[in-house]
1. Could you please find all residues in region 151-169 being closer than 29 Å to residue 35 by Cβ, in a helix (DSSP H, G or I) and without any contact (Cβ under 8 Å) to a residue 40 or more places away in the chain?
2. Looking only at region 86-140, which residues are touching a residue at least 40 places away in the same chain (Cβ under 8 Å), part of a loop (DSSP other than H, G, I, E, B) and under 21 Å from residue 21 (Cα atoms)?
3. Which of the residues belonging to region 35-54 are surrounded by fewer than 24 Cβ atoms within 10 Å (Cβ to Cβ) and under 14 Å from the mean Cα position of the chain (by Cα)?
4. Given the conditions (1) part of a helix (DSSP H, G or I); (2) within 22 Å of residue 136 (Cα to Cα); (3) touching a residue at least 40 places away in the same chain (Cβ under 8 Å); (4) in contact with a strand residue (DSSP E or B) (Cβ under 7 Å, 6 or more places away or on another chain), and given that residue 6 satisfies all but one, which numbered condition is not satisfied?
5. Out of the residues in region 24-34 that are over 13 Å from residue 8 (Cα atoms) and touching a helix residue (DSSP H, G or I) at 6+ places or on another chain (Cβ under 6 Å), which is surrounded by the most Cβ atoms within 10 Å (Cβ to Cβ)?
6. Condition check: part of a strand (DSSP E or B), free of Cβ contacts under 8 Å to residues at least 24 places away in the same chain and either within 24 Å of residue 11 (Cα to Cα) or in contact with a strand residue (DSSP E or B) (Cβ under 9 Å, 6 or more places away or on another chain) (or both). Does residue 73 satisfy that?
7. Right, residue 2: over 17 Å from the mean Cα position of the chain (by Cα) and within 27 Å of residue 153 (Cβ to Cβ) or not?
């Protein structure tokens with residue numbers, strides 16, 4: 001039986017400039033989207049492992065899903081979002097400019113951020129560690145938009161490019177791949193598509 005690995009980004013968050021981004025929580029919209037998927041997990045029904053970044057917003061996505069699926073929850077700190085602690089919170093327009101530069105010049109640190117190449121190497125290595133050995137069912141990885149895009153690029157064999165990002169909308173998107181060939185099945189999809197039975 002084939003094993004499907006899915007990478008899911010956390011949905012919408014409460015933006016609080018006074019709080020470390022890594023400690024941001026889901027906002028009511030994001031929490032409602034997670035609750036809807038918990039109520040109808042559809043395509044996730046064969047998931048036996050849920051593996052999450054240790055950031056609050058990722059855990060608030062992963063924990064209720066793991067509980068609903070009766071799956072183990074594993075917390076992996078190295079699955080965190082690209083390190084942006086050098087700048088802390090940036091106003092949305094400025095953040096988008098810096099994020100564009102982050103993807104456009106993967107080998108360079110933009111305003112002290114972790115480079116895209118370093119973040120990509122980290123997330124790929126961590127996923128490889130998580131998926132080493134046989135799996136007892138499907139696996140759900142819960143993380144973040146930038147490193148998720150870097151993972152998608154690596155698995156797809158394409159260069160780092162923001163064109164492969166999940167796009168606007170606040171997150172809550174996923175892509176899947178087989179454990180064996182590690183090639184994405186499709187581009188990013190809204191998490192609501194997982195509610196469909198397979």
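1. Step one: of region 151-169, the residues closer than 29 Å to residue 35 by Cβ are 151-152, 164-169.
Checking the rest, the ones that are also in a helix (DSSP H, G or I) come to 151-152, 164.
Result: 164, single match.
2. Residues satisfying the conditions are 88, 89.
3. 54
4. Looking at each condition in turn, residue 6 falls short on (1).
5. 26
6. Yes, satisfied.
7. Taking the combined requirement at face value, the residue satisfies it.
Okay, residues lined up against (1) closer than 17 Å to residue 176 by Cα; (2) surrounded by fewer than 17 Cβ atoms within 10 Å (Cβ to Cβ); (3) out of contact with any helix residue (DSSP H, G or I) (no Cβ under 8 Å at 6 or more places or on another chain):
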{"site": "97", "(1), (2), (3)": "no, yes, yes"}
{"site": "122", "(1), (2), (3)": "no, no, no"}
{"site": "133", "(1), (2), (3)": "no, yes, yes"}
{"site": "140", "(1), (2), (3)": "yes, no, no"}
{"site": "161", "(1), (2), (3)": "no, yes, no"}
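The values are calculated or read from the model by the stated rules, or taken from the named source; none is laboratory data. These numbers were taken from a predicted model, which means no experiment stands behind them. In this analysis, Cβ positions are derived from the backbone assuming ideal geometry, glycine residues included, and neighbour counts consider all displayed protein chains.
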